[in-house]
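Here the structure is laid out as structure tokens; the discussion comes afterwards.
The values are calculated or read from the model by the stated rules, or taken from the named source; none is laboratory data. Note that the coordinates shown come from a computational prediction; the quantities given were computed from them, not determined experimentally. Here the Cβ is made from the backbone with ideal geometry for all residues, glycine too, and neighbour counts use every protein chain on show. Side chains are part of the model used for accessible areas, which takes the heavy atoms of the whole protein and leaves out ligands, DNA and RNA. Shrake-Rupley method; radii C 1.70, N 1.55, O 1.52, S 1.80 Å.
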Amino acid sequence: KQLRPYTEKIMVIDDLADRQFDCDILLNQNLGIHKRDYIGKVPNDCELLLGCNYALLRPEFAELRVQALEKRQNTTEINNILISMGGSDINNITYDILQKLDDKFNVIAVLGSSSPHNKMIKNYANGKNIKVLVNVNNMSELMLETDLAIGAGGSTSWERCCLGLPVLLYILSENQREIVENLEQFGAAKIVNNLRDNLQVVMADFDLWRAMSNKSKNI
């Protein structure tokens, strides 16, 4: 610190609160994070920016928030499903999900260019009511038109919450577990243990879907 100009501040962006930090400002955007989680881990004068009020969202999500929330209020059934399992999806969970979805849904599967399974998924989607998109730059618009998301925990959780989008969540890594469990406990998401069963529960109880949307937007 002594080598830094006196006007310079160091900011850390963290998810885990599992180590020591030497910084002036620390941001952790996750639901359920508390100041007590950083006791003894940051300098006494460190400014803590904690919780979803500090979520790092691109402006496009804030711009569509009002429109999305109005759309949710007028939604009466689940027709459109968005699948987004992250950039690489090494375990090809997207493919497994697609095989378990009824043909009555309009499905969009968003893939990253680094996924090794893109060709397989595109071949499977051919001739079905499934649109496969790679490296999209309009995720906010896709979420706006979606009634239900199926995805992973992580930073995209706050994008879905901003637009009040209910989600069935997979835990793909241990550093997502706390985020996903907090979202479910808050009532904004459901953790997938059996996709067909979980989907059927939401389909059969639209009050549950609406509650998930309302909880999500409140986050």
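For region 41-53, state whether one or more residues are closer than 27 Å to ARG177 by Cα, open to solvent by 90 Å² or more (accessible area, probe 1.4 Å) and touching a residue at least 40 places away in the same chain (Cβ under 8 Å). No, that holds for no residue.
Within region 55-88, restricting attention to residues that are free of Cβ contacts under 8 Å to residues at least 40 places away in the same chain and either within 15 Å of the chain's Cα centre (by Cα) or loosely packed, with under 13 Cβ neighbours inside 10 Å (or both), the residue that is farthest from LEU199 (Cα to Cα) is PRO59. Anything in region 154-170 that is without any contact (Cβ under 8 Å) to a residue 60 or more places away in the chain and either closer than 12 Å to LYS190 by Cβ or touching a Phe, Trp or Tyr at 6+ places or on another chain (Cβ under 8 Å) (or both)? List them, or say none. Of everything in region 154-170, those that are without any contact (Cβ under 8 Å) to a residue 60 or more places away in the chain and either closer than 12 Å to LYS190 by Cβ or touching a Phe, Trp or Tyr at 6+ places or on another chain (Cβ under 8 Å) (or both) turn out to be PRO166, VAL167, LEU168, LEU169.
Please verify whether TYR124 is aromatic (Phe, Trp, Tyr) and closer than 15 Å to ASP89 by Cα, treating the condition exactly as stated. No: the conditions fail for TYR124. Residue check: ALA68 meets all listed conditions (1) closer than 25 Å to SER155 by Cβ; (2) touching a Phe, Trp or Tyr at 6+ places or on another chain (Cβ under 7 Å); (3) not aromatic (Phe, Trp, Tyr) but one, namely (2). Within the set LEU64, LEU48, the sole residue that is touching a Ser or Thr at 6+ places or on another chain (Cβ under 7 Å) and not in a loop (DSSP other than H, G, I, E, B) turns out to be LEU64.
Residue count for region 196-219 satisfying the condition of being in contact (Cβ under 8 Å) with a residue 12 or more places away in the chain and touching a helix residue (DSSP H, G or I) at 6+ places or on another chain (Cβ under 7 Å): 8.
Screening HIS117 with (1) surrounded by 15 or more Cβ atoms within 10 Å (Cβ to Cβ); (2) modelled with pLDDT of 95 or more gives one miss only, at (2). For region 112-131, a tally of residues being part of a helix (DSSP H, G or I) and over 20 Å from LEU142 (Cα atoms) returns 4.
Name the single residue that is modelled with the lowest pLDDT among those in region 1-39 being among the basic types (Lys, Arg) and closer than 13 Å to LEU49 by Cβ.
LYS9
Matching residues to (1) open to solvent by less than 40 Å² (accessible area, probe 1.4 Å); (2) at pLDDT below 95:
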{"site": "ILE90", "(1), (2)": "no, yes"}
{"site": "ASN106", "(1), (2)": "no, no"}
{"site": "ALA109", "(1), (2)": "yes, no"}
{"site": "ASN135", "(1), (2)": "no, yes"}
